[in-house]
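Peer 1: Below you will find the structure I want to go over with you.
The values are calculated or read from the model by the stated rules, or taken from the named source; none is laboratory data. Just so you know, these numbers come straight off a predicted model, no measurement behind them. Cβ atoms come from the backbone with ideal geometry, glycine included; neighbour counts cover every protein chain shown.
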Amino acid sequence: MEFRQIRYALSVARERSFTKAALRLNVSQSSVSEQVRQLEERIGFSLFRRVGRGVELTERGRTFLHEAERVANDLMSLDDVARRLSGVGGETISVGIASGLATSLLPCFLHSEVIPDSFHLEIKTAPPRLLFEELYFDRLDLGIAVEVGADRIPAGLLPERLFETQMVIIMPPSHRLADGRSSIDLALLANEPFVVNEPSLGYGQIVSQMFEDFGMRPRIRATVDNVETIKVVVLTGAGIAAIPAGSAENEVRLGQLVTIPVAPSRDLTISAYRSKRAMSRRKEAVLQDIIRVLRQSRGPVSST
């Protein structure tokens, strides 16, 4: 029994498709099929049955691959031990954070000492769409983004809710609506030019939904690809924007921008996204620590 056979079968189980598993593994579909066939011959029973355009696990296949995933984790942990003993270096943890969340979330776990010195940390900021793509192709270990519907994320990614936050309106201090009010009625923004990003899968989608819920449409002046650029455009006076609370803390502190909660309030859930791929126990423990610290630092997700 070869580890490659186990790895290929686990990928088919996660994707529920030989074709998608081959794409994820970057090998031919015939190679995946052959390795799974050899594994089934070796163990003496079928792992999968065909259903529609995909596959599902047999009862014995589910039990077998559950144990196989545990063994795969143990093997990866053993590989990590060997790397440390040989002086090659520690593991790498790659964390992706949706544009606009890094400012408020990175300090939560970078200053909490949850990431041992033996780990090399890689951080990527990008719109949710790109984070989901990086997670799908196993180029990220953890992604943190606004929660979206299950039909909007690639198969095999698992969301875990962290906390809820509010959307706030940002504008220059010179804007006519930046008069110290505690909140701003959505109706007052109907004719204001908006700067948005990710119209179909990010904050832009949330802005559109905010207006649609009240029978209105936002006046979109500009579309950009990240929140940092949104803030720059707003600073020029070209429009206002709705972003997660805390995403413009530095600019507010410097007196460059003003943030005002929108009324009625619009909450959004921030979630951690993982793929189902196996990883070492040490890396799994660190990722769970990051998730725990993020959840504790921002409070539990509201049940309402």
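Peer 1: Residues of region 236-257 being among the aliphatic types (A, V, I, L, M), farther than 21 Å from ASN191 by Cβ and under 28 Å from the mean Cα position of the chain (by Cα), which ones?
Peer 2: Correct list: ALA245, ALA248, VAL252.
Peer 1: Oh, and also: If we scan region 135-146, do we find a residue that is aromatic (Phe, Trp, Tyr) and closer than 26 Å to ARG266 by Cβ?
Peer 2: No, that holds for no residue.
Peer 1: Check off (1) at pLDDT 85 or above; (2) of a type in the set (A, V, I, L, M); (3) part of a loop (DSSP other than H, G, I, E, B) for ILE97 and give me the number that stays unchecked.
Peer 2: Of (1) at pLDDT 85 or above; (2) of a type in the set (A, V, I, L, M); (3) part of a loop (DSSP other than H, G, I, E, B), only one is false for ILE97: (3).
Peer 1: Test of understanding: among ARG274, ARG282, which residue is charged (D, E, K, R), assigned to a helix (DSSP H, G or I) and surrounded by 14 or more Cβ atoms within 10 Å (Cβ to Cβ)?
Peer 2: Among ARG274, ARG282, only ARG282 is charged (D, E, K, R), assigned to a helix (DSSP H, G or I) and surrounded by 14 or more Cβ atoms within 10 Å (Cβ to Cβ).
Peer 1: Further question: Under 8 Å between Cβ atoms, which residue pairs at least 6 apart in sequence (or on different chains) link something in region 118-136 that is among the acidic types (Asp, Glu) with a partner that is in a helix (DSSP H, G or I) and surrounded by fewer than 18 Cβ atoms within 10 Å (Cβ to Cβ)?
Peer 2: Taking only residues 6 or more apart or on different chains, not a single pair turns up.
Peer 1: Identify, please: which residue in region 180-227 is acidic (Asp, Glu) and modelled with pLDDT of 90 or more and is, among those, surrounded by the most Cβ atoms within 10 Å (Cβ to Cβ)?
Peer 2: It comes out as GLU192.
Peer 1: Tell me yes or no: at least one residue of region 80-88 is at pLDDT below 80, surrounded by 13 or more Cβ atoms within 10 Å (Cβ to Cβ), of a type in the set (D, E, K, R) and within 17 Å of ALA21 (Cβ to Cβ).
Peer 2: no
Peer 1: Got a number for residues in region 20-57 being assigned to a helix (DSSP H, G or I), among the β-branched types (Val, Ile, Thr) and out of contact with any strand residue (DSSP E or B) (no Cβ under 9 Å at 6 or more places or on another chain)?
Peer 2: Total meeting the criteria: 2.
Peer 1: In contact with a helix residue (DSSP H, G or I) (Cβ under 7 Å, 6 or more places away or on another chain) and within 28 Å of PHE18 (Cβ to Cβ), is that true of ILE153?
Peer 2: yes
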